[in-house]
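The values are calculated or read from the model by the stated rules, or taken from the named source; none is laboratory data. Source: prediction; values computed, not measured. Counting neighbours? That spans all protein chains shown, and the Cβs are built from the backbone with ideal geometry, glycine included.
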Amino acid sequence: MTVDRGQVLREAAALLTRKSTASMDEIARAAGISRATLHRQFAGREALIRALEELGIEQLQEAMDTARLEEGDPVEALRRLVAAVHPVAGFLAFLHTENQLFEGEDVHEGWARLDERVAALFRRGQEEGVIRLDLTPAWLTEALYGLVAAAAWAVQDGRVAVKDMDYMVIELLLGGARRSTDR
């Protein structure tokens with residue numbers, strides 16, 4: 001039997017988005033394969049998480065491309081980004097949490113490339129006078145990720161309506177990031 005690795009990763013991501021503590025047995029069942037087959041594909045949970053990280057980086061890259069971060073008004077580009085990330089926000093929230101386990105040298109270089117794209121958007125907003133200058137682009141990038149992750153978990157737990165997620169993320173982020181003209 002040939003195993004579709006991509007399908008296994010998609011099923012694992014779907015399960016882990018809903019239940020971040022799922023065991024390898026549960027992941028195998030969700031993917032419709034045996035635990036032994038799962039272990040032939042991924043030596044253990046860490047190897048699976050690393051493969052899921054690659055998938056997450058790919059999905060976030062696609063969302064950034066879809067959002068056209070380099071085009072138009074920076075605030076509108078942020079709105080497009082949050083909307084583009086929305087379908088995979090739960091999975092990215094899971095990876096955001098899991099990646100706290102992989103600090104230092106183990107951090108995937110793909111995250112740095114993505115971080116730089118988002119930070120560049122915030123820098124552009126600062127240069128155009130629509131984003132506060134007293135908050136660094138790196139901090140604003142982390143705040144965006146944190147808000148998306150928190151919103152995804154809140155939606156999953158039923159504390160936030162899925163239809164309100166994008167609005168809540170953007171309004172909270174920009175309410176604190178937008179440059180005030182009355183200073």
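Looking at the range 16-48, which of its residues are assigned to a loop (DSSP other than H, G, I, E, B) and either under 25 Å from the mean Cα position of the chain (by Cα) or among the polar types (S, T, N, Q) (or both)? Write out each step before concluding.
Filtering the range 16-48 down to residues assigned to a loop (DSSP other than H, G, I, E, B) leaves 19-23, 32-34, 42-44.
Correct list: Lys19, Ser20, Thr21, Ala22, Ser23, Ser34, Phe42, Ala43, Gly44.
Of these, Ala83, Ala161, Ala138, Ala93, which one is touching an Asp or Glu at 6+ places or on another chain (Cβ under 6 Å) and of a type in the set (A, V, I, L, M)? Walk me through it before giving the result.
Details: Ala161 fails: touching an Asp or Glu at 6+ places or on another chain (Cβ under 6 Å); Ala138 fails: touching an Asp or Glu at 6+ places or on another chain (Cβ under 6 Å); Ala93 fails: touching an Asp or Glu at 6+ places or on another chain (Cβ under 6 Å).
Exactly one residue qualifies, and that residue is Ala83.
Given the conditions (1) modelled with pLDDT under 85; (2) of a type outside the set (Asp, Glu); (3) assigned by TED's automatic domain parsing to the domain that holds Val148, report the number of the one that Thr17 does not fulfil.
(3)
If I ask for residues that are small (Gly, Ala, Ser) and more than 17 Å from Leu92 (Cα to Cα), which ones from the range 54-82 would you list? Please lay out each step first, then the result.
Let us first name the residues in the range 54-82 that are small (Gly, Ala, Ser), namely 56, 63, 67, 72, 77.
Passing the criteria: Gly72, Ala77.
Does Ala28 satisfy the condition of being over 21 Å from Trp153 (Cα atoms) and surrounded by 20 or more Cβ atoms within 10 Å (Cβ to Cβ)? Write out each step before concluding.
On the way: over 21 Å from Trp153 (Cα atoms): yes; surrounded by 20 or more Cβ atoms within 10 Å (Cβ to Cβ): yes.
In short, yes.
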